[in-house]
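The values are calculated or read from the model by the stated rules, or taken from the named source; none is laboratory data. This structure is a prediction, so every number in the text was calculated from the model and none was measured. Note that each Cβ is placed from the backbone with ideal geometry, even for glycine, and that neighbours are counted across all protein chains shown. Note: accessible area is taken over every heavy atom of the protein model, side chains too, but ligands, DNA and RNA are not part of it. Shrake-Rupley method; radii C 1.70, N 1.55, O 1.52, S 1.80 Å.
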Amino acid sequence: MSASKQRLHYLHEIGDGGEKERFVYSCSECSCILNVCATLEPVGDTVESLGNRCPGCGSALEARVLCRSASIPAAWPEISRSAYSAGRARAETKVEFQTAASMRAFSFNFAPLDALVAHYIDPTWSVAFTGRCANAVAEFLCFRAQLPKEAGGSDSSVVLIDGGNRSDLYLFSSYAKLYGVAPRKALRRVVTSRAFTMYQTADLVANRLAKVVDEYGAKVVVLSDVLGMLNEESGFREDEAKRLAGAVRRGLGEVMKKKKVLAFITLVTKTPYDRLITDHADIVVALEESGSSIEGTLVKHPFRKAASSRSFRPRDLLFHNQPGRKGAGG
């Protein structure tokens with residue numbers, strides 16, 4: 001059924017009497033519902049199937065698709081991107097077309113984080129996670145980056161600079177087992193460099209990172225607790241601490257510019273110099289403990305309003321939407 005014959009639905013039509021819990025994709029401009037599905041799908045699929053145009057307002061959909069979990073009215077007909085796009089597909093030529101988002105998007109495949117960042121992370125951006133809970137996300141990202149692009153990964157080796165000596169092999173292995181990948185095989189695709197002083201961290205990022213990225217063909221870099229050794233008890237003079245933090249920021253920036261890598265940074269230990277990193281990051285997400293849950297808050301984003309938040313339990317990162325088949329990325 002084409003978009004012109006299908007009745008459009010909007011977010012404001014979802015009341016409190018819904019009976020089906022679904023993932024609802026909508027246009028951020030007009031709140032037109034674009035896709036309703038039982039499991040989380042890559043946002044690029046929705047954008048591509050609709051020709052990058054909202055059937056409600058006609059806006060370009062790339063970077064304008066939002067997702068939320070909601071109980072939709074049981075009386076609604078099935079709403080899917082395929083229904084919108086069927087008529088358009090028949091009228092188009094058979095020239096294959098993919099939007100930039102569908103070809104380039106990195107996805108967490110974890111609803112709370114995907115919803116915060118609008119499901120789209122450019123492969124040349126830097127994403128910073130702050131707070132004590134950020135370490136679990138670093139392990140999660142080291143594995144997800146290895147997955148195939150169609151699974152939301154980068155199909156890539158990962159360079160991990162462990163600034164706070166926080167690497168958790170057991171947690172990483174748990175993520176690999178969840179996807180049916182042998183932990184040892186997954187670990188071979190993570191190039192880990194541990195730093196035991198802030199000087200070593202700065203040297204690794206500023207002088208060695210580019211060479212390691214080239215050597216292993218990595219498309220993703222993870223800097224874990226990168227400024228942790230500059231906490232208030234570290235004894236560094238302010239000017240020296242700023243110099244070291246600045247060296248990390250400039251070194252990472254050069255590698256991102258020259259090597260076109262996606263960078264994830266965690267700032268687990270709060271320091272007076274965190275803004276030297278976060279002010280230059282494309283996306284900043286704060287992860288704070290709230291009782292037995294983690295409150296994720298979007299602090300900064302290139303095209304989304306800050307202050308949106310999502311709550312989840314720490315164990316949800318492990319027991320999240322599991323893939324439909326074993327051996328992803330194997």
From largest accessible area down, sort F236, F312, F196; use a 1.4 Å probe on the protein chains. F196, F236, F312
Taking K and R as +1 and D and E as -1, what net charge do the other residues with C-beta under 15 Å from the C-beta of L298 add up to? +1
Under-5 Å amide H pairs with I294, H placed in peptide plane, nonlocal only: F312, R313
Most to least accessible of I121, I14 (protein chains only, probe 1.4 Å): I14, I121
Taking the Cα centre of the range 250-316 as the origin, how large is its charge dipole in debye, to the nearest 20, when only Lys and Arg (+1) and Asp and Glu (-1) carry charge on their Cβ atoms? 360
Taking R0 as 51 Å and r as the Cβ-Cβ distance between E240 and E19, the FRET efficiency 1/(1 + (r/R0)^6), rounded to the nearest 0.05, comes to 0.25
Tell me, what is the per residue accessible area of the range 213-275 in Å², probe radius 1.4 Å? 49
Cβ-defined net charge surrounding G217, 11 Å radius [Lys, Arg +1; Asp, Glu -1]: 0
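Could you pull out the pairs from K20/K300; K177/K260; K177/K305; K270/K305 whose alpha carbons sit more than 26 Å apart here?
Long pairs (Cα-Cα over 26 Å): K20/K300; K177/K260; K177/K305.
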Net charge over other residues, Cβ less than 12 angstrom from the Cβ of V284 (K, R count +1; D, E count -1): 0
What does the C-alpha gyration tensor say about the overall shape of the range 130-226? Classify as rounded when a/c is under 1.5, otherwise prolate if a/b is larger than b/c, or oblate. oblate
